[in-house]
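Participant: Below you'll find the structure I mean.
Bear in mind that the values in this text are calculations on the coordinates, not laboratory data. Predicted model, so just to flag it, every value in this text is computed and none were measured. No Cβ is skipped: glycine too gets one built from the backbone with ideal geometry, and neighbour counts run over all protein chains shown.
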Amino acid sequence: MKLYRAHVLVCAGANCSLNESKGVIKALESELVAKGLDKEVKVVETGCFGLCEAGPNMVVYPEGIIYSGVKVEDVAEIVEEHLLKGRTVDRLVYKEAVSSDPVRYGKTDFINKQQRIVLRNAGVINPEIIEEYIARGGYEALGKCVTTMKPEEVIEVVKASGLRGRGGAGFPTGVKWGFTLKAEADQKYIVCNADEGEPGTNKDRLILEGDPHSIIEGMAIAGYAVGATKGYVYIRGEYTLSIKRLQLAINKARELGLLGDNIFGSGFSFDIEVCSGAGAYVCGEETALIESIEGKRGEPRFKPPYPGVKGLWGKPTVVNNVETLANIAPIIANGPEWFKQFGTPSCPGTKVFTLIGDINNKGLIEVPMGITLREIIYEIGGGIPDGKGFKMCQTGGSSGGCLSVEHLDVPMDYDTLPQYDSALGSGALLFMDDTHCIIDIVKNFMHFFVHESCGKCTPCREGTMRLWEFYDKIASGQGEAKDLEILASLSRTMQKAALCGLGQAAPTSVVSTLKYFRDEYDQHIFDKKCATGVCKMA
Amino acid sequence: MEAKCCANEAVTHQDKLAKVDEVIARYKDKKGALIPVLHEVQRVMGNYLTEEVLIKVAEGLNVPFNRVYGTATFYTLFSVKPRGKYIVRICESAPCHIKGAVDVIKAFEDELGIKVGETTPDGKFTLEYTACLGICGVAPAVMINDEMYGNLNPEKVKELIKKF
């Protein structure tokens with residue numbers, strides 16, 4: 001094996017790619033050849049580091065210096081100064097919004113306050129090279145399961161870890177697997193839900209792009225545990241890079257016999273197929289997703305029966321989120337006790353959040369469950385830009401609730417947030433500073449649901465449209481006192497009567513803002529004023 | 001010249017239909033083939049699905065036509081109406097909204113002289129809304145065919161359109 005004196009890790013994730021990281025990689029490679037350093041310095045294309053706002057990002061090892069906002073024209077200087085002469089290029093070193101001092105990888109608050117289990121390899125390995133995943137302990141957990149453990153034992157470990165589904169509902173993963181193990185059938189399926197459509201969420205995409213093998217391994221273990229031999233990954237059609245990387249990873253795993261027949265000589269066979277979605281938010285709902293894999297309109301089914309018993313093509317099917325599956329191999333490898341040291345007793349482990357909107361450090365973070373909003377904003381997120389005030393944080397995407405300044409110390413987990421009319425959901429955290437209007441933003445959420453409601457059930461099809469009309473009316477200065485009551489009662493109806501999670505969760509932001517931002521409703525309705533000036537009053 | 005051009009086009013159309021048949025043949029005995037077939041067939045036909053090919057797909061896969069049509073019209077990535085060579089998919093989800101997506105949409109509409117949902121008369125551009133593209137770190141963002149573009153504002157929109 002070749003030894004290199006330095007490694008340059010360049011993020012080739014979606015956000016950095018848009019900021020020309022491909023050009024930076026190309027320039028870097030040709031500059032190294034020009035300077036005769038290509039035998040000494042290795043360039044590695046990695047997945048996302050999480051510092052998306054500052055991209056394109058690179059880390060130079062062995063020092064661990066992070067450079068951010070690197071442009072093609074900066075490459076020559078980095079090669080000349082840092083890689084040839086060993087002098088750091090200070091003007092490009094990543095500066096943390098909190099400290100404003102230059103920082104090293106592993107020494108920043110942004111990285112240090114995090115606990116990386118799911119993102120253990122993202123930004124560290126080249127996702128297109130299976131050997132790098134294996135070198136970091138990859139596929140050991142699968143080997144351990146199929147050669148030394150019984151399916152029941154695998155499920156016991158997952159149950160004991162307390163892992164809960166990371167797609168939003170937080171259902172215990174081991175219990176879910178147990179239902180499917182017990183169901184008798186000639187064929188069972190594992191489905192990975194990568195139809196990430198919740199606005200502001202991109203964790204699944206970055207896991208798939210940064211560490212695709214962790215999903216393959218998690219699915220194969222799930223297959224062994226419940227007795228399934230076939231898996232499907234349902235990815236949004238818009239995620240072209242994720243589809244490409246995952247397909248490549250599946251091919252490599254097949255070549256090495258880590259997928260296919262008789263894995264590790266154990267007699268267990270498992271294979272995975274990638275299904276591309278075609279643009280429908282509702283397909284993130286598990287039964288709608290199953291309909292879509294079957295080649296139909298993505299309309300949710302009535303439950304029960306649940307997919308665990310009767311799912312894809314009527315067979316018992318485990319549907320797990322990408323992030324859930326990425327947790328499986330580490331849990332098997334390190335044991336449930338190790339996993340339970342992170343997070344809270346009822347929600348062990350970590351959660352991946354995407355920080356977006358009005359926050360200094362935008363990007364992807366993984367932190368222990370139960371962290372507070374205050375810690376996320378001020379210790380990791382670097383605060384609100386331009387010295388503006390924090391106004392609102394919507395948790396879990398457009399179907400989540402809106403927290404205000406009074407909730408900064410609420411622990412973020414599956415059990416606590418619902419007490420504040422919100423939800424952990426997909427882990428999107430959308431921050432808004434005090435220049436934005438609540439009525440305007442909720443109107444935007446409702447517009448989204450009008451478009452995405454599949455139209456199958458009346459409470460959702462009609463309810464989303466009527467909610468949007470009310471917000472449009474209030475935003476244009478036509479609101480009446482009785483609208484407030486109608487909004488509340490219509491929301492209750494939808495929460496109780498809609499067929500699937502989409503319609504039930506659509507009014508979450510209505511309910512929470514009516515409670516925590518009532519003064520803004522009153523202002524628009526009674527004073528015909530929008531304090532932020534966003535709404536144009538007629 | 002006129003006749004020659006149209007003869008060529010007719011051949012091209014036949015070529016496309018032959019390719020459609022190939023796609024259908026490849027998926028014929030596969031379970032749940034409808035959506036991947038529609039994806040591929042749409043690519044062959046160029047950005048939208050005609051009634052002619054939908055009937056071919058229905059007959060080829062032995063799926064009722066109403067189900068093929070229902071599926072093709074359910075998903076936003078498929079269209080049964082002609083669309084331009086370049087499909088500009090604009091994100092108006094909350095994260096892009098608060099970063100100025102409204103101005104970006106207006107800039108696209110003004111520059112191209114069409115509204116969202118319409119196609120330019122020369123058949124070059126179609127404007128559509130998309131669900132969140134998951135690149136919120138560089139909001140506001142759009143996707144043009146398979147490529148994504150971020151950190152947009154009205155000036156950058158003008159520059160971007162010139163590239164096509």
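Participant: Non-local amide H neighbours of A:T46 (under 5 Å, H modeled in plane, Pro and chain starts lacking H): which ones?
Facilitator: Under 5 Å from the amide H of A:T46: A:V10, A:C11, A:A12.
Participant: Taking the beta-carbon count within 10 Å as an exposure proxy, list A:F342, A:F431, B:F65 from fewest neighbours to most. It would help to have the intermediate numbers written out before the result.
Facilitator: Details: A:F342 17, A:F431 27, B:F65 13.
Least crowded to most crowded, the residues run B:F65, A:F342, A:F431.
Participant: Which entries in the list A:K176/A:K244; A:K176/A:K310; A:K95/A:K388; A:K42/B:K156 go over 23 Å, if you measure between the two C-alpha atoms of each? Walk me through the intermediate numbers first.
Facilitator: Numbers: A:K176/A:K244 30 Å; A:K176/A:K310 13 Å; A:K95/A:K388 20 Å; A:K42/B:K156 35 Å.
Going by Cα-Cα distance, A:K176/A:K244; A:K42/B:K156 fall outside the 23 Å limit.
Participant: So which lysines can B:K163 reach, going by Cα to Cα under 17 Å and dropping same-chain residues fewer than 8 places off?
Facilitator: B:K85, B:K124
Participant: Now a separate question. Listing B:S79, A:S161, A:S398 from the residue with the fewest other Cβ atoms within 10 Å to the one with the most, what is the order?
Facilitator: Working: B:S79 18, A:S161 25, A:S398 33.
Listing B:S79, A:S161, A:S398 from fewest to most nearby Cβ atoms yields B:S79, A:S161, A:S398.
Participant: Turning to a different aspect of this structure: Sorted from largest down, what three extents in whole angstroms do the Cα atoms of the protein assembly as shown have along their principal axes?
Facilitator: Projected onto the principal axes, the Cα atoms of the protein assembly as shown cover 69, 67, 62 Å.
Participant: List, in order, the whole-Hz ³J(HN,Hα) value for each residue of the range B:93-108 obtained from phi through the Karplus relation with A = 6.51, B = -1.76, C = 1.60 and θ = phi - 60°; use x for Gly and Pro.
Facilitator: Calculated HN-Hα couplings, in order: 5, 3, x, 6, 4, 6, 9, x, 4, 4, 5, 5, 4, 4, 4, 4 Hz.
Participant: What is the dipole size for chain A, taken about its Cα centre, with +1 at each Lys and Arg Cβ and -1 at each Asp and Glu Cβ, in debye to the nearest 20?
Facilitator: 800
Participant: May I pose another question? For a quick check: sort A:H82, A:H451 by the number of other beta carbons within 10 angstrom, fewest at the front.
Facilitator: Working: A:H82 20, A:H451 14.
Result, fewest neighbours first: A:H451, A:H82.
Participant: Treat every Asp and Glu Cβ in the range A:439-538 as -1 and every Lys and Arg Cβ as +1, leave all other atoms uncharged, and give the resulting dipole magnitude about the Cα centre to the nearest 20 debye. Intermediate results must be reported in sequence, preceding the final value.
Facilitator: On the way: 13 positive and 12 negative charges, 46 e Å.
Roughly 220 debye for the range A:439-538.
Participant: Hey, what number do you get for chain A at 222 nm if only DSSP H runs of n ≥ 4 count, each worth -39500 (n - 2.57), divided across all residues, to the nearest 500?
Facilitator: Details: 19 runs with 193 residues, N = 538.
Theoretical 222 nm ellipticity from helices: -10500 deg cm²/dmol.
Participant: Which aspartates and glutamates does A:K529 reach when only Cα atoms under 12 Å apart count, and residues fewer than 8 places away in its own chain are ignored?
Facilitator: A:D519, A:E520
Participant: Charges on Cβ only, +1 for Lys and Arg, -1 for Asp and Glu, centred on the Cα centroid of the range B:10-155; of B:T119, B:S93, B:L17, which one is farthest towards the dipole's positive end?
Facilitator: In the range B:10-155, that residue is B:L17.
Participant: Also: Once Lys and Arg get +1 and Asp and Glu get -1 on their Cβ, which of A:F264, A:V319, A:G335 lies farthest toward the positive end of the dipole of the range A:207-347?
Facilitator: Result: A:V319.
Participant: Hey, got the dipole for the range A:262-392? About the Cα centre, +1 on K and R Cβ, -1 on D and E Cβ, debye to the nearest 20? Working shown, then result.
Facilitator: Details: 12 positive and 14 negative charges, 66 e Å.
About 320 debye.
Participant: Among all the aspartates and glutamates, which ones have a C-alpha under 18 Å from A:K85's C-alpha, if same-chain residues fewer than 8 places away are not counted?
Facilitator: Straight-line reach from A:K85, under 18 Å: A:E29, A:E31, A:D38, A:E40, A:E63, A:D74, A:E77.
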